[in-house]
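Down below is the structure, laid out as structure tokens.
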Amino acid sequence: MRKEVVAPPPDRFAPLRARIPRPRRPPEEPGAAERNRPRIMRAALSLTGAGLAAAFYCLAFTPSLLPRTGILQGVVAGITAAMGYALGTAIGALIRIGVRFSPRAVRIWWRVLGVLLPPMIATCLWLGTRWQRELRLRLGMTPAQEYDTVRTVGASLLTFAAILLIARALRLATHGCAQVFRLVVPDRAAYCAGTVVVAVLSYTAFDGLLVAHLFAVADRSAAVINSGTGNGVRVPASPLRSGGPQSLVGWDTLGRQGRAFVASAPSVEQLSGFAGHPAAEPIRLYAGLASADTMRERADLVVREMDRTGAFGRRVVAVFTPTGTGWVDNRVTQSLEYMYAGDTALVSMQYSYLPSWIAFLGDRSEVVDAASALITAVRQRWAALPDGHRPKLLLFGESLGTYGMEATFGTAGDLVAGADGVLMEGPTFANPIHQRLTRDRAAGSPVWDPLYPGLPIAFADRAAELRDRPGAQPRVVYLQNSSDPIVWWNWDLLWKRPPWLRGERGPDVMPAMRWFPWVTFWQTTCDLVFANKAPTGHGHVYKSATVDGWAAVAPPPGWTVRDTVRLREKLGN
């Protein structure tokens, strides 16, 4: 049976609707549909960002305090370019609030950049290679035979791309969160909320996962290293060493650097051979983190060790404030022992097993507490001796150790009066006394080699200049290389040209080095990481230069410049 199909009734209002005019839409501009299409993230680069990225990239090849390898230079240039891109993108966003450029104008500017950038970058690469070669020669380093420009450029591009990818991923997350918040709040509030959420989550991930994890790994690694013993280091057989027979300090409690400190003194035969007459066996005493529970207890333990070994009967007692790991440069200690033919007692105390930069960022109060506890304990025992029977009291600090010593005394006058001689090596940029002395230096003297009237304090950017220093013998000597970024780094580098880049330059600082906002700060920050890789007398490496320092503040009777040169040759770099 066939089913009939019923037709719909005719639309009686169709002719009437056909007579009603429809509203006409304005014609769309070319590309408007593409621009108005909702997109979470644009793929095109920012014009202003690309321009500033190229400018920062070129500035990254200008010389800084220390030379870099080709790949390291590429990484630094890539990060610097990313900083420029971020700044340029922000500036471009602000410009677009009030000004709209036509697509044609944008295309023209991109073409201009395409023409200008290749020769500009090529020129900077060539100049950067030449500057790196000159800087290595200035620092007494062998110039690299070849500078692989391809690797430098490749490393910079990979670094820039990785940072850009991370930034765009964060931007994608921000827009994604904003799309969710738009369901309940207006657009502006949604984007603000999305930005806050991504910023908080990013900071939490960076600080709680990455930074905390890295510090935890560094802590575990440093703890393992501290529990070990260096090659060739043996338990001392002498009772004049901590950890040896009759010692109040156990060998296992000294830590890696403490064991190296007490075991690396020169032999009596070596000392006698240099002095030309019979020498004494030097005393070396140390307390590690595990030697006692508190700073005060460790300091008292060192003083009891000094009484046990007869340390206050020696000609010289020297207190060393070590670096973060507890390390004391053996050339510094041996310098004194050779100068005084072993008639010395050298003491030190550990306050951390972390590298100095971690200890500095983490808790600087530890080095201050340690320096204050040990110096105070030794000085009190030393001051209790009768006049005429006190040994010469010397103090030494290196790097972070100088910060602890300065914080202990507080003022330059107290530092001068605190001992018979004080040697500070590579003071940090945060040292309070060093900052005041540099700021109040004599007019006309450079910041890297200042003159300070009124107190017996001397500065030297080259240790050898202390040999012919006019005037009275100084009580305090600062050794500070003009290429040491640990001395010259400062937050002010972000926005202000530093004094060491004005007027007369230090002997290590290239005339071609210029200050640029942010870029110089970033370059000097990178130099901090490799400050200990420079040759002796440059960067943060002093080593045998301390012979001149000790000869300036505490020379033994009859000591001559010839003896200084001879000892430096014996100790090597």
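See the values below:
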| read-out | value |
| --- | --- |
| Estimated translational D of the stretch 220-337 in µm²/s (Stokes, Kirkwood radius over Cα pairs; 10 °C; 1.306 mPa s) | 108 µm²/s |
| Peptides ranked, highest mean first, by Cβ atoms within 10 Å: ranges 245-253, 537-545, 320-328 | 320-328, 537-545, 245-253 |
| Value of Rg/Rh across the stretch 43-200 [Cα atoms, Kirkwood radius] | 1.10 |
| P(r) tail fraction, the stretch 370-488 - alpha-carbon pairs more than 18 Å apart, % | 51 percent |
| Protection proxy ranking, peptides 261-268, 435-442, average beta carbon neighbours within 10 Å, highest first | 261-268, 435-442 |
| Segments 331-338, 399-406, 468-475 sorted - mean Cβ within 10 Å per residue, highest first | 399-406, 331-338, 468-475 |
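Coordinate-derived values only; no laboratory data. None of these values were measured; they are calculated from a predicted model. Here Cβ is always computed from backbone atoms with ideal geometry, including for glycine, and neighbour counts include all displayed protein chains.
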